[in-house]
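Enquirer: Here you go, one structure.
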Amino acid sequence: MFTLRKADVCDCRLIGSLAERVFPETYAEILSKEQIDYMMDWMYNPANIQKQMEEGHVYFVAYEECEACGYISIQQEAEDLFNLQKIYVLPYFQHAHCGRFLFEAAKVYIKEVHPEPCRMELHVNRHNKALDFYKRMGMKLVRQGDFAIGNGYFMNDYIMSIDV
């Protein structure tokens, strides 16, 4: 049903466009509009997406037929530690198992580049409804933190982990 394509710098605008459709809706009840706007620019303007790619974020875009429907970003943080930096699915596809498809794709990618046992972590806002999804995927809560992101804003996250 879904296919996956590794993104490159030519896809920065596509990823930004997907983010514009999913990120504000995901956080509308959790964060202020001002913080959402700040984070959208900080993470999703095309120049910043390209910079992330140059710094080691590997993006993949999911498609249903010819329509882009979600994306992930994975970054290796240590020899045996990878961070699922981003996993977002357009609202229309959120109950069609696209999130599961992307989550599993992240694990497959990690095993391809690091066949030895390792760990995948992610940060999730403590009030994000996706928390239950990550638990269903087998992730465990390992710690929490409040992370300053600039402009007086914080990400109030749980850090979850799974062995890959």
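Enquirer: Express the Stokes-Einstein translational diffusion coefficient of the chain in µm² s⁻¹, to the nearest whole number, given a Kirkwood radius over alpha-carbon pairs, 10 °C and a viscosity of 1.306 mPa s.
Expert: It diffuses with D of about 98 µm²/s by this estimate.
Enquirer: Rounded to the nearest 500, what is the 222 nm mean residue ellipticity of the chain from helices alone, with -39500 (n - 2.57) per DSSP H run of 4+ residues and division by all residues?
Expert: Working: 5 runs with 60 residues, N = 164.
So the calculated ellipticity at 222 nm is -11500 deg cm²/dmol.
Enquirer: Using a 7 Å offset from the Cα along the Cα-to-Cβ direction at both Glu54 and Cys66, what is the distance between the two label points in nm, to one decimal?
Expert: 3.3 nm
Enquirer: Given 0.36 nm per residue, what is the gain on full extension from Asp37 to Val113 after removing their alpha carbon distance, in nm? Let's see the in-between values first.
Expert: Numbers: separation 76, 0.36 × 76 = 27.36 nm, distance 3.41 nm.
23.9 nm is the gain from fully extending Asp37 to Val113.
Enquirer: Would you mind classifying segment 62-142 by shape? Square roots of the alpha carbon gyration tensor eigenvalues, ordered a ≥ b ≥ c; an a/c under 1.5 is rounded, otherwise it is prolate if a/b is larger than b/c and oblate if not.
Expert: Working: a/c = 2.15, a/b = 1.32, b/c = 1.63.
Oblate is the answer for segment 62-142, as a/c is 1.5 or above yet b/c matches or exceeds a/b.
Enquirer: From a point 7 Å beyond the Cα of Asp8 in the direction of its Cβ, which residues of segment 30-67 have a backbone N at a distance under 18 Å?
Expert: Output list for this probe position: 47, 49-62.
Enquirer: Roughly speaking, what is the stretch gain from Arg100 to Arg21, that is 0.36 nm per residue apart minus the C-alpha to C-alpha distance, in nm to one decimal?
Expert: Numbers: separation 79, 0.36 × 79 = 28.44 nm, distance 1.93 nm.
Extra length from Arg100 to Arg21 when fully extended: 26.5 nm.
Enquirer: Among bridges DSSP assigns within segment 44-164, what percent are antiparallel (round to 5)?
Expert: On the way: 31 of 34 bridges.
Of those bridges, close to 90 percent are antiparallel.
Enquirer: When the Kirkwood radius is taken over all Cα pairs of segment 1-56, what Stokes-Einstein diffusion coefficient follows at 37 °C and 0.692 mPa s, in µm²/s?
Expert: Numbers: Rh = 12.2 Å.
Rounded, D is 270 µm²/s.
Enquirer: With just the Cα atoms defining each centre, how far is segment 80-107 from segment 125-147? Give it in Å.
Expert: 13 Å
Enquirer: Next up: Summing Lys, Arg as +1 and Asp, Glu as -1, what charge do residues with Cβ under 15 Å from the Cβ of Ile110 carry, Ile110 excluded? Working shown, then result.
Expert: Details: positive: Lys6, Lys86, Lys107, Lys111, Arg119; negative: Glu77, Glu79, Asp80, Glu104, Glu112, Glu116, Glu121, Asp163.
Cβ neighbours under 15 Å give a net charge of -3.
Enquirer: Something else now. Give the cross-link partners of Lys51 among the lysines, using a straight C-alpha distance below 19 Å as the criterion and excluding same-chain residues fewer than 8 apart.
Expert: Lys6, Lys86
Enquirer: How do 38-44, 6-12 rank on mean C-beta neighbours within 10 Å, highest first?
Expert: Details: 38-44: 16.6, 6-12: 14.9.
Top to bottom by mean Cβ count within 10 Å: 38-44, 6-12.
Enquirer: Just to be sure I understand: with springs between alpha-carbon atoms less than 10 Å apart, which residue in Val22, Val142, Val124 has the highest mean-square fluctuation in the Gaussian network model of the chain?
Expert: Most flexible of the set in this elastic network: Val142.
Enquirer: Here's another thing I want to ask about it. When Lys and Arg each count +1 and Asp and Glu each count -1, what net charge do the other residues less than 13 Å away from Phe2, Cβ to Cβ, add up to?
Expert: -2
Enquirer: OK, next. Got the relative contact order for segment 2-163 handy, in percent, Cα pairs under 8 Å and 6 or more residues apart? Could the numbers behind the result be given before it?
Expert: Values: 242 pairs, mean separation 30.2, N = 162.
Relative contact order comes out at 19 percent.
Enquirer: Additional query: Give, as a single signed number, the net charge of other residues whose beta carbon lies under 12 Å from the beta carbon of Asp146, with Lys and Arg counted +1 and Asp and Glu -1. Please list the in-between numbers first.
Expert: Values: positive: Arg126, Arg143; negative: Asp157.
Taking every Cβ under 12 Å from that of Asp146, the sum is +1.
Enquirer: Right, something else. What residues of segment 1-40 lie in the reach of a label at Ala47, counting those whose backbone N is under 19 Å from a point 7 Å from the Cα along Cα→Cβ?
Expert: Counting backbone N atoms under 19 Å from the label point, the list is 9-17, 20, 37-40.
We did not get these values from a lab; they are worked out from the coordinates using the rules stated. This one's a predicted model, so the numbers in the text were calculated from it and none came from an experiment. Because the Cβ atoms are built from the backbone with ideal geometry, glycine has one as well, and the counts that use them run over all protein chains shown.
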